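S.K.: Before I ask anything, let me first share the structure, which is written out below as structure tokens.
The values are calculated or read from the model by the stated rules, or taken from the named source; none is laboratory data. If you're wondering where the values come from, they're calculated on a predicted model, not measured in any experiment. No Cβ is skipped: glycine too gets one built from the backbone with ideal geometry, and neighbour counts run over all protein chains shown.
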């Protein structure tokens with residue numbers, strides 16, 4: 001019993017199955033060889049894009065967290081530099097265990113400045129591009145202290 005005898009196919013399915021069967025019988029393979037030769041280049045670009053976008057994502061998350069901390073400190077929720085630094089390291093700990101937060105409250109100018117540094121190697125997924133391993137992602141924010 002043939003496949004076509006026990007399966008009822010619509011007129012649309014028959015040409016599709018013929019094309020699939022023709023594709024499976026095709027043995028030229030020229031496009032396949034070129035595709036395999038280009039595969040490492042495509043892989044390199046995918047890794048480059050993934051690592052770069054994860055670094056920018058981490059930078060954006062850190063920037064938002066530092067701005068929020070400065071807003072809280074400028075309104076009086078945090079009173080000392082140590083409180084801001086400790087909370088900043090706690091908030092950014094999901095990005096890196098090596099995050100460093102440095103806060104400065106300047107009472108003469110009524111300003112609070114906070115700088116966070118994160119090693120880029122901690123933000124990357126694969127880290128195959130060694131030139132990115134020595135980069136440090138730095139974010140900073142400065143706000144006026146409300147009186």
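S.K.: Any chance you could count how many residues in the range 127-147 are surrounded by fewer than 17 Cβ atoms within 10 Å (Cβ to Cβ), outside any helix (DSSP H, G or I) and either without any contact (Cβ under 8 Å) to a residue 40 or more places away in the chain or at negative phi (or both)?
M.R.: Going through the range 127-147 one residue at a time, the tally reaches 13.
S.K.: On the given criteria, is residue 73 within 24 Å of residue 143 (Cβ to Cβ), assigned to a helix (DSSP H, G or I), touching a residue at least 60 places away in the same chain (Cβ under 8 Å) and more than 23 Å from the chain's Cα centre (by Cα)?
M.R.: Yes: the conditions hold for residue 73.
S.K.: Sticking with this one: Answer yes or no as to whether residue 102 is modelled with pLDDT of 95 or more and either surrounded by fewer than 15 Cβ atoms within 10 Å (Cβ to Cβ) or closer than 16 Å to residue 125 by Cα (or both).
M.R.: Yes, satisfied.
S.K.: Pull out all pairs, ordered by first then second residue, where Cβ-Cβ is under 7 Å, the residues are six or more apart or on different chains, the first lies in the range 99-126 and is closer than 15 Å to residue 82 by Cβ, and the second is at pLDDT below 95 and in a loop (DSSP other than H, G, I, E, B).
M.R.: Short answer, once both residue conditions are applied: 112/145.
S.K.: Which of (1) modelled with pLDDT under 95; (2) in contact with a strand residue (DSSP E or B) (Cβ under 6 Å, 6 or more places away or on another chain) does residue 121 not meet, given it meets every other one?
M.R.: So residue 121 meets the others, but not (2).
S.K.: With respect to residue 55, determine if the residue is within 26 Å of residue 142 (Cβ to Cβ), surrounded by 14 or more Cβ atoms within 10 Å (Cβ to Cβ) and touching a residue at least 60 places away in the same chain (Cβ under 8 Å).
M.R.: yes
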